[in-house]
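The values are calculated or read from the model by the stated rules, or taken from the named source; none is laboratory data. Since we're looking at a predicted model, the values are computed, not measured. Using ideal geometry, Cβ is built from the backbone for each residue, glycine included, and neighbour counts are taken over all protein chains shown.
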Amino acid sequence: MAKLWGGRFTKDTNKLVDEFTASISFDQKLAFEDIQGSLAHVQMLGECDIITTDEAETIQAGLEKILEKLKNGEVEFLVEHEDIHMNLENLLIEEIGPVAGKLHTGRSRNDQVATDMHLYLRNKTKTIIELIEKAQGAIIGQAKDNIETILPGYTHLQRAQPVSFAHHILAYFWMLERDKERLEDSLKRINILPLGAGALAGTTFPIDRTRVAELLEFDSVYPNSMDAVSDRDFILEFLSTASILMVHLSRLSEELVIWSSQEFQFIELDDSFCTGSSIMPQKKNPDVPELLRGKTGRVFGDLVGLLTVLKGLPLAYNKDLQEDKEGMFDTVDTLEGSLTLLAPMLETMTVNHKKMRSAVTHDYSNATDIADYLATKGLPFRQAHEVIGKIVLHAIENGKYLLDLEMEEYKKFSTLFEEDVYDYLEPEHVVGARKSEGGTAPDQIKQQLELAEGKL
């Protein structure tokens with residue numbers, strides 16, 4: 001089959017080359033965006049009298065027919081037509097005849113595909129932002145129900161200080177908020193129109209790029225045609241932000257896996273988000289958070305893959321840039337799938353209040369508070385720290401926790417201790433005393449929740 005660009009060639013393309021260089025197997029995902037861009041382009045061509053009004057209307061009608069067939073699943077894409085652009089152009093020729101060839105006036109596949117990806121990523125970025133907000137809503141729901149729920153806070157995965165579960169899980173709200181802000185900011189660089197840059201140097205036709213930008217709701221056009229066709233920064237930025245987002249989902253997933261283990265039993269995931277074992281009938285495996293954690297690697301890979309493709313490319317367009325799409329599509333699919341599952345999994349999660357409360361009475365995570373207690377009695381904090389360290393060692397050696405020690409034992413280490421020290425050691429006091437801005441005290445959490453809800 002003759003290629004639309006085959007005029008200067010004396011031989012047909014080797015079938016293996018066709019298969020190797022074709023991108024239609026994956027860039028067909030851009031079909032709707034390609035037609036959207038073509039509709040705006042042909043309208044501009046007609047308005048600028050580059051083609052006649054009748055020709056523009058005929059081409060527009062043909063594109064809309066193909067769009068309808070696409071929606072109905074009636075379109076077959078062929079490898080011999082290489083990519084989504086040539087496939088759609090051939091379909092248009094079949095639909096309206098040779099006048100279809102005028103659609104490509106004043107543009108190249110180089111600026112066409114770049115436009116498609118800007119349109120695609122603009123739409124997908126907005127969708128992902130909406131999915132992030134649903135996950136944030138689920139986090140807020142769990143936080144509201146668990147302001148008074150106390151669990152051990154950890155550093156180095158060692159018990160550190162008691163905290164509210166609401167405070168702990170709200171940390172992920174703010175991680176997701178930063179991810180959302182990065183995505184929102186990236187729209188400024190996604191929403192720039194490359195169409196009209198031609199192959200690399202612009203076009204001799206009197207096109208109106210600003211009109212096309214207006215029709216496609218872009219904020220501006222690329223001021224440099226070579227940059228327009230070769231720029232993939234907007235995809236790199238998306239993949240980078242996606243990687244950070246997946247880090248946050250992975251960290252949360254790791255905690256869900258740990259918390260749902262027999263050793264912790266802090267939470268239980270709903271049966272509908274877990275699976276069983278083919279050999280061990282007692283098992284309830286947290287497969288969803290495990291897979292969320294695992295899929296982080298593929299998003300990292302998509303980012304590193306595109307960075308590697310771009311690092312040595314001279315201006316302007318090179319065939320290497322065909323490798324920009326599959327990683328972008330994969331990352332979009334991964335984010336949409338991950339975030340779609342995250343919200344309902346968090347909403348249906350059961351928090352084991354008693355198990356968490358029990359944990360903070362069987363550790364030494366309240367030690368800092370009795371160091372603070374001695375500091376309020378006038379002992380310098382560094383000396384108080386040393387005193388409490390010796391008390392903790394004494395308690396460990398005697399198989400006791402700090403609330404179990406008798407007053408006589410405390411008095412051996414400092415005469416500043418009084419009966420009120422036991423009040424300081426209660427988990428509720430430990431949590432409630434941290435009233436500094438952003439702290440884990442209930443009043444601070446309520447303020448934090450108000451702020452978080454305002455973000456949504």
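If only residues of segment 289-332 that are aromatic (F, W, Y) and touching a Ser or Thr at 6+ places or on another chain (Cβ under 7 Å) are counted, the one that is surrounded by the most Cβ atoms within 10 Å (Cβ to Cβ) is Y317.
For (1) surrounded by 22 or more Cβ atoms within 10 Å (Cβ to Cβ); (2) under 22 Å from L315 (Cβ atoms); (3) touching a Ser or Thr at 6+ places or on another chain (Cβ under 6 Å); (4) basic (K, R), each residue gets a yes or a no:
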site	(1), (2), (3), (4)
S230	yes, yes, no, no
L245	yes, no, no, no
H248	no, no, no, no
R251	no, no, no, yes
E254	no, no, no, no
E268	no, no, yes, no
D271	no, no, no, no
G276	no, no, no, no
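Applying the condition of being modelled with pLDDT under 95 and assigned to a helix (DSSP H, G or I) to segment 291-320 and asking which residue is farthest from T275 (Cα to Cα) yields K319. When L393, L346, L310 are checked against the criterion of being hydrophobic (A, V, I, L, M, F, W, C), under 23 Å from R122 (Cβ atoms) and not assigned by TED's automatic domain parsing to the domain that holds I24, L310 stands alone in meeting it.
Matching residues to (1) farther than 28 Å from L341 by Cβ; (2) of a type in the set (S, T, Y); (3) in the same structural domain as I50 (by TED's automatic domain parsing); (4) more than 28 Å from the chain's Cα centre (by Cα):
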position	(1), (2), (3), (4)
G101	yes, no, yes, yes
A114	yes, no, no, no
Q142	no, no, no, no
V163	no, no, no, no
I169	no, no, no, no
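Can we say R107 is surrounded by fewer than 23 Cβ atoms within 10 Å (Cβ to Cβ), more than 21 Å from M349 (Cα to Cα) and among the charged types (D, E, K, R)?
no
Can we say E408 is in a helix (DSSP H, G or I) and out of contact with any His (no Cβ under 8 Å at 6 or more places or on another chain)? For E408, the condition - in a helix (DSSP H, G or I) and out of contact with any His (no Cβ under 8 Å at 6 or more places or on another chain) - is met. With respect to the conditions (1) of a type outside the set (S, T, N, Q); (2) surrounded by 15 or more Cβ atoms within 10 Å (Cβ to Cβ); (3) within 24 Å of L374 (Cα to Cα); (4) modelled with pLDDT of 95 or more, E437 lacks only one, and its number is (2).
Among the residues making up segment 419-456, a single one is without any contact (Cβ under 8 Å) to a residue 60 or more places away in the chain, of a type in the set (S, T, N, Q) and assigned to a loop (DSSP other than H, G, I, E, B): S436. On the stretch given as segment 253-307, residues that are in contact with a helix residue (DSSP H, G or I) (Cβ under 6 Å, 6 or more places away or on another chain) and of a type in the set (V, I, T) total 6. The residues listed here are L374, L416, L379; of these, the one that is surrounded by 16 or more Cβ atoms within 10 Å (Cβ to Cβ), in contact (Cβ under 8 Å) with a residue 40 or more places away in the chain and assigned to a loop (DSSP other than H, G, I, E, B) is L416.
Please find, among R189, R211, the residue that is without any contact (Cβ under 8 Å) to a residue 60 or more places away in the chain and on the phi < 0 side of the Ramachandran plot.
The conditions single out R189.
Residue-level analysis places V387 outside the set of residues that are closer than 27 Å to I139 by Cα and either surrounded by fewer than 16 Cβ atoms within 10 Å (Cβ to Cβ) or β-branched (V, I, T) (or both).
Of the residues making up segment 353-369, those that are in contact (Cβ under 8 Å) with a residue 40 or more places away in the chain, among the aliphatic types (A, V, I, L, M) and in a helix (DSSP H, G or I) are M356, A359.
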